[in-house]
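Engineer: So that we are looking at the same thing, I have put the structure below in structure tokens.
The values are calculated or read from the model by the stated rules, or taken from the named source; none is laboratory data. Predicted model only: the values in this text are computed from it and were never measured. Here Cβ is always computed from backbone atoms with ideal geometry, including for glycine, and neighbour counts include all displayed protein chains. What goes into the accessible areas is simple: the full protein's heavy atoms, side chains included, and nothing from ligands, DNA or RNA. Shrake-Rupley method; radii C 1.70, N 1.55, O 1.52, S 1.80 Å.
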Amino acid sequence: MNKLFSSLLLLSISFSISKAQPFVESFSGIPGIGRSAVAFADFDNDLDLDLVTIGMDINAEAFGKIYLNDAGIFVAIESGISGLYNSALALADFDLDGYMDIVMTGQDLNGSATRLYRNSGSGTFELIDAGFYNAGADGDLAWGDYNNDGYPDLVISGGWNTKLYHNNGDGTFAETEHGLTIMNSPALNWGDCDNDGDLDLLMVGDAGSVAEAFVYLNNQGNFTRLEVPVEGAVGGSARWGDFDNDGKLDILITGKDASLVPVSYVYQNNGANSFRFADAGLIGTALGPSDWIDYDNDGDLDIMLSGQNAGCGNASTRLYANNGVGGFDEYPAGLSFAERSSSAWGDFDNDGDYDLLLTGLAGSPVTKLYINELISGTYHQNTVPDVPAGLSTYVSGDYAVVSWSRADDQQSPQMAVSYNVMAGSQTGGIDLVSPQSDILTGKRFTASTGNAGNNDFMIFRSLDPGDYFLRVQSVDQAFTGSGFSEEVSFTVLNTGTQKIDAENVKAFFTGNLLFISGIETAKAEISVSSVSGSLLYNGIINDNHFSLPVSNYPAGVYLINILESGKMHRLKAVK
């Protein structure tokens with residue numbers, strides 16, 4: 001009987017462990033907020049994740065706080081920021097000083113506001129008068145270096161307007177012409193969906209027909225709307241993420257459809273600028289966030305949805321595990337419901353898995369901090385990916401490309417690994433590209449993919465003459481960074497050649513031919529190179545149209561330089 005009792009006891013314990021709550025709520029002392037925006041980031045560069053929270057508190061007043069992480073305990077500080085509700089925020093090192101800065105938009109009792117806060121590095125933030133558009137309630141904004149000059153630029157949308165601001169590199173911004181649609185209640189996300197080395201833009205929201213989605217392809221800073229059969233939504237979120245680990249960014253969209261019914265869509269990137277609907281089996285969700293996150297450390301992206309569901313008064317927070325065969329299975333995570341909600345994922349306790357902060361309305365404003373306990377069960381601590389190797393450089397005038405060999409990782413497939421670049425005008429510098437990582441350890445300051453995305457190269461444009469130094473790290477699907485590679489360098493010379501925008505000159509692949517058209521002079525020199533700098537063709541043409549057989553060129557990105565009458569056109573084409 002004793003042996004039988006012991007066996008039953010062990011079986012019961014084993015069953016209890018397997019069914020134990022994977023996410024354990026931890027008392028944080030952070031006040032409840034709704035209509036909110038939150039984010040983890042290492043604001044003081046001490047190798048643990050701090051927290052920014054903005055929203056509406058229990059007294060219906062605007063709330064905003066920075067919490068520094070002290071050995072896993074969040075301590076509120078007098079940071080100098082003030083809060084907004086019905087809000088959005090975005091983080092970037094916009095001035096390339098190595099510290100994470102904050103931009104937010106929303107409203108308070110005084111009306112609409114968009115505020116840029118520069119991180120002083122001492123736990124305080126300075127309000128910068130950047131002249132940004134006040135998007136108002138339920139606007140959105142996103143940082144992205146759309147013109148490849150190393151400085152994060154900013155797009156703001158909402159209140160039936162969209163503004164794109166070029167970062168001048170001196171602490172100021174200039175509004176630019178962009179051709180992007182105006183929107184109300186938008187969701188924005190930058191990502192290189194065609195893997196050509198520059199950032200494309202996903203815009204979802206109300207552009208006049210309530211629920212729409214737009215993909216804008218970026219070609220050297222010029223945006224063209226891609227005609228794709230992607231259903232839109234309003235009052236939700238839009239996220240790029242590579243859920244099938246093929247190196248191409250897929251789409252996750254949530255919100256309300258044209259009938260104001262909550263929906264959740266996943267679209268798979270086919271390549272060749274096309275997407276197809278993936279029947280992911282997700283519950284429709286609106287008025288809250290959606291997140292791609294590898295919560296179980298198995299090397300593929302899972303999905304979290306939080307917000308309002310169909311039916312009066314229905315709301316939930318749900319976690320879906322990526323089953324590895326193109327679909328998702330709901331995982332019983334035991335997370336609280338919330339609407340008008342926001343979320344942040346980050347390994348704040350540095351134990352190798354990603355924890356969750358959830359804020360929103362659950363009758364009254366709530367803030368929930370969940371510790372991920374999965375690695376104590378059947379899952380394992382994530383390992384650090386390998387350091388990239390084989391760095392090489394290519395320079396042409398004020399244009400440069402740096403490429404590297406893809407790195408391996410024990411959990412994430414090689415094509416799913418992203419890359420993160422640091423570059424500067426002196427050895428170890430970051431005054432050209434900030435990595436948003438600790439340069440000694442590779443520890444990431446944010447839970448996000450690398451700044452080069454899934455590409456094994458990075459393009460630089462409009463470089464001043466001088467020497468440049470660069471290193472790169474790998475970032476796996478759990479957003480863990482490797483150490484940085486050995487340093488490489490390149491030099492940009494003052495060639496005296498005038499660079500002009502290639503408005504009329506076009507280059508594109510059709511079948512096994514590369515076509516170039518729009519050349520103005522009767523004689524021009526044309527060269528074609530791979531992104532790694534290998535020269536594939538160089539010759540003189542005597543016509544304003546040109547075709548080159550390319551049956552032996554593999555699929556990828558190609559760089560085309562055209563020199564005519566002392567003017568240089570620099571083009572890029574994807575085969």
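Engineer: Just a yes or no: is a residue in the range 165-184 under 23 Å from GLY288 (Cβ atoms) and not hydroxyl-bearing (Ser, Thr, Tyr)?
Structural biologist: Yes; the residues of the range 165-184 include at least one that is under 23 Å from GLY288 (Cβ atoms) and not hydroxyl-bearing (Ser, Thr, Tyr).
Engineer: For the range 236-264, which residues satisfy the criterion of being of a type in the set (A, V, I, L, M, F, W, C) and open to solvent by 10 Å² or more (accessible area, probe 1.4 Å)?
Structural biologist: Correct list: TRP240, LEU249, ALA258, LEU260, VAL261, VAL263.
Engineer: Can you run down the residue pairs with Cβ atoms below 8 Å, 6 or more apart or on separate chains, where the first is in the range 404-425 and basic (Lys, Arg) and the partner is open to solvent by less than 10 Å² (accessible area, probe 1.4 Å)?
Structural biologist: So the pair list comes out as ARG406/PRO388; ARG406/VAL417.
Engineer: Would a scan of the range 423-439 turn up a residue that is modelled with pLDDT under 95, of a type in the set (S, T, N, Q) and either touching a Gly at 6+ places or on another chain (Cβ under 9 Å) or within 18 Å of ILE293 (Cα to Cα) (or both)?
Structural biologist: no
Engineer: Here is a further query. Quick check: is even one residue across the range 479-502 under 29 Å from the mean Cα position of the chain (by Cα), over 28 Å from THR449 (Cα atoms) and either in a loop (DSSP other than H, G, I, E, B) or modelled with pLDDT under 85 (or both)?
Structural biologist: Yes, there is a match, as at least one residue in the range 479-502 is under 29 Å from the mean Cα position of the chain (by Cα), over 28 Å from THR449 (Cα atoms) and either in a loop (DSSP other than H, G, I, E, B) or modelled with pLDDT under 85 (or both).
Engineer: Hey, another quick one. Can you list the strands (runs of 3 or more DSSP E) found entirely within the range 526-575 that contain at least 1 residues being among the charged types (D, E, K, R), surrounded by fewer than 18 Cβ atoms within 10 Å (Cβ to Cβ) and touching a residue at least 24 places away in the same chain (Cβ under 8 Å)?
Structural biologist: Where strands (runs of 3 or more DSSP E) fall fully within the range 526-575 and carry at least 1 residues being among the charged types (D, E, K, R), surrounded by fewer than 18 Cβ atoms within 10 Å (Cβ to Cβ) and touching a residue at least 24 places away in the same chain (Cβ under 8 Å), they are 567-574.
Engineer: Cβ-Cβ under 7 Å, sequence separation 6+ or interchain: first residue in the range 452-479 and touching a residue at least 12 places away in the same chain (Cβ under 8 Å) and open to solvent by 10 Å² or more (accessible area, probe 1.4 Å), partner part of a loop (DSSP other than H, G, I, E, B) and of a type in the set (Lys, Arg). Which pairs?
Structural biologist: The qualifying pairs are ASP456/ARG406.
Engineer: Does ALA113 satisfy the criteria of being surrounded by fewer than 22 Cβ atoms within 10 Å (Cβ to Cβ), over 21 Å from the mean Cα position of the chain (by Cα) and under 17 Å from ALA142 (Cα atoms)?
Structural biologist: In short, yes.
Engineer: Hey, another quick one. On the basis of being assigned to a loop (DSSP other than H, G, I, E, B) and within 24 Å of ASP200 (Cβ to Cβ), does ASN134 make the cut?
Structural biologist: When the stated conditions are applied, ASN134 does not pass them.
Engineer: Please enumerate the residues belonging to the range 314-330 that are crowded, with 19+ Cβ neighbours inside 10 Å and within 25 Å of the chain's Cα centre (by Cα).
Structural biologist: Passing the criteria: THR317, ARG318, LEU319, TYR320, ASN322, PHE328.
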